[in-house]
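Scroll down for the structure; my scribbles are underneath it.
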Amino acid sequence: MQPTRVIGLMSGTSVDGIDTALVEISGREWDLKVELIAGETYPYPPQLRKQILELGAGTAVSMADLAAIDDAIARSFAQAAQHIQVGHQGATLIGSHGQTVYHRPPQSERELGYSFQLGRGALIAYLTGISTVSNFRTADIAAQGHGAPLVPKVDAYLLSHPHQERCIQNIGGIGNVTYLPAQSDHWLSQIRGWDTGPGNSLLDLAVQHFTNGAKSYDENGDWAASGTPCYPLVEQWLSHEYFHLPPPKSTGRELFGLAYLHDCLQDAQPYQLNFADFLATVTELTAASIVHNYDSFLVKRPDEVILCGGGSRNLYLKNRLELLLENVPVFTTDEFGVSAAFKEAIAFAVLAYWRNTGIPGNLPAVTGASKEMLLGEIHDSYS
């Protein structure tokens, strides 16, 4: 099979921008090879980002306005795909995750979940002249799954180890983990993955709240590092029912968004925390919730934890996680040949490649789906 150039497009719950990866892919599963040719994050226009965040926070909009936002996101994604190819051999396929604005896990065995991503693939295909795969989550949800997380199968073939048990921990707006057992007979069926809870979402919202929007995040975690965590508050927050739900489970800004931040600020009032102390406490919640998930839902802690996503660049968060994990070493996927900044975009490029070659992309043991499914809808470019 000849190598295929694919573009992966991803914007997560932090709405930082469009992570864009141009990759060359060959092989199928065990022999899967992925080379990152170029990676870049393209920011949304400020007004569009504001509209997306308002939608995610539950602001009501008219259908006409929703359609306009949908088109604007698709155009931004298409521009990102066009820009990433400048100076490189062009791609023949795009995998676009789109922008999640609503996610509802299944509430019972009889009720399907729902996940809504904006940025319609048909328009991306038309504007770029490149066939585009989008709406990756819907097939898994139709099969009674959560539609999330979808990257564990990609993690399995790029980051598993013959002898080590690994947790691949993505820290985006929401944190999610892929547990990879050591490769053995039937190891693929033993892989697990779920959303661990807030990643950067509360940190970013708190920084924006404290600076009246002048800053969007705490670079390197420096502001939080200057404060002191309030451990009784962390324990109180860890009593939230989501942290105690067994996998499969998924969440989003609907649960850990602006309303939850306001609850946290209210909870913190008796402790009279300054801004730095509050940020340190929210950072501690992210780290502690990750470790809580491992201790609650894995037989034992992994041999290694490997970070990716924007939170992997938060040095204070990484240090807190290392301390709480005690003797478990913490790395980033960069150290294993997979870009930590663009791993999610790379994953959706691979999922598009698998969809185009007829390979299922979900792991039912992870998402709770009743069977393996081809993920994504193919929009031909007709160019």
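Couple of notes before you dig in:
- Among the candidates 367, 357, residue that is among the hydroxyl-bearing types (Ser, Thr, Tyr), touching a residue at least 60 places away in the same chain (Cβ under 8 Å) and buried (at least 22 other Cβ atoms within 10 Å of the Cβ): 367
- Which listed residue is touching a Pro at 6+ places or on another chain (Cβ under 9 Å), of a type in the set (S, T, N, Q), surrounded by 18 or more Cβ atoms within 10 Å (Cβ to Cβ) and closer than 22 Å to residue 216 by Cβ, from 76, 11: 76
- Count of residues meeting criterion [closer than 23 Å to residue 10 by Cα and open to solvent by less than 10 Å² (accessible area, probe 1.4 Å)] in the stretch 181-194: 2
- The stretch 348-383, residues that are among the small types (Gly, Ala, Ser) and farther than 22 Å from residue 109 by Cβ: 349, 352, 358, 361, 376, 381, 383
- Subset of the stretch 156-166 that is out of contact with any Pro (no Cβ under 9 Å at 6 or more places or on another chain) and under 19 Å from residue 359 (Cβ atoms) - its residue that is surrounded by the fewest Cβ atoms within 10 Å (Cβ to Cβ): 157
- Scan of the stretch 370-383 for residues that are open to solvent by less than 30 Å² (accessible area, probe 1.4 Å) and either modelled with pLDDT under 95 or of a type in the set (Ser, Thr, Tyr) (or both), ordered by number: 381
- Failed item in (1) of a type outside the set (Lys, Arg); (2) touching a helix residue (DSSP H, G or I) at 6+ places or on another chain (Cβ under 8 Å); (3) part of a helix (DSSP H, G or I); (4) without any contact (Cβ under 8 Å) to a residue 60 or more places away in the chain, with residue 44 passing the rest: (3)
- Some residue of the stretch 74-85 being without any contact (Cβ under 8 Å) to a residue 40 or more places away in the chain, over 13 Å from residue 10 (Cβ atoms) and of a type in the set (Gly, Ala, Ser): no
- Filtered residue count, the stretch 121-151, keeping only those that are buried (at least 24 other Cβ atoms within 10 Å of the Cβ) and closer than 14 Å to residue 95 by Cβ: 11
- Filter pass, residue 65 being in contact with a helix residue (DSSP H, G or I) (Cβ under 9 Å, 6 or more places away or on another chain), open to solvent by 40 Å² or more (accessible area, probe 1.4 Å), among the charged types (D, E, K, R) and assigned to a helix (DSSP H, G or I): yes
- Residue within the stretch 335-351 that is open to solvent by 10 Å² or more (accessible area, probe 1.4 Å) and in contact with a Pro (Cβ under 6 Å, 6 or more places away or on another chain) present: no
- Within the stretch 180-198, tally of residues that are out of contact with any Pro (no Cβ under 7 Å at 6 or more places or on another chain) and closer than 15 Å to residue 306 by Cα: 3
- When the stretch 15-35 is filtered for residues that are surrounded by fewer than 23 Cβ atoms within 10 Å (Cβ to Cβ) and either assigned to a loop (DSSP other than H, G, I, E, B) or acidic (Asp, Glu) (or both), the ones remaining, listed by number, are 16, 17, 24, 27, 28, 29, 30, 31, 32, 35.
- Summed over the stretch 316-334, the residues that are open to solvent by 60 Å² or more (accessible area, probe 1.4 Å) and under 24 Å from residue 347 (Cα atoms) give a count of 1.
- Selected residue [of a type outside the set (Ser, Thr, Tyr), part of a loop (DSSP other than H, G, I, E, B) and surrounded by fewer than 17 Cβ atoms within 10 Å (Cβ to Cβ)] from 60, 38: 60
The values are calculated or read from the model by the stated rules, or taken from the named source; none is laboratory data. If you're wondering where the values come from, they're calculated on a predicted model, not measured in any experiment. Virtual Cβ from ideal backbone geometry, glycine too; neighbours counted across all protein chains shown. Quick note on the areas: whole protein, heavy atoms, side chains included, nothing else; ligands and nucleic acids left out. Shrake-Rupley method; radii C 1.70, N 1.55, O 1.52, S 1.80 Å.
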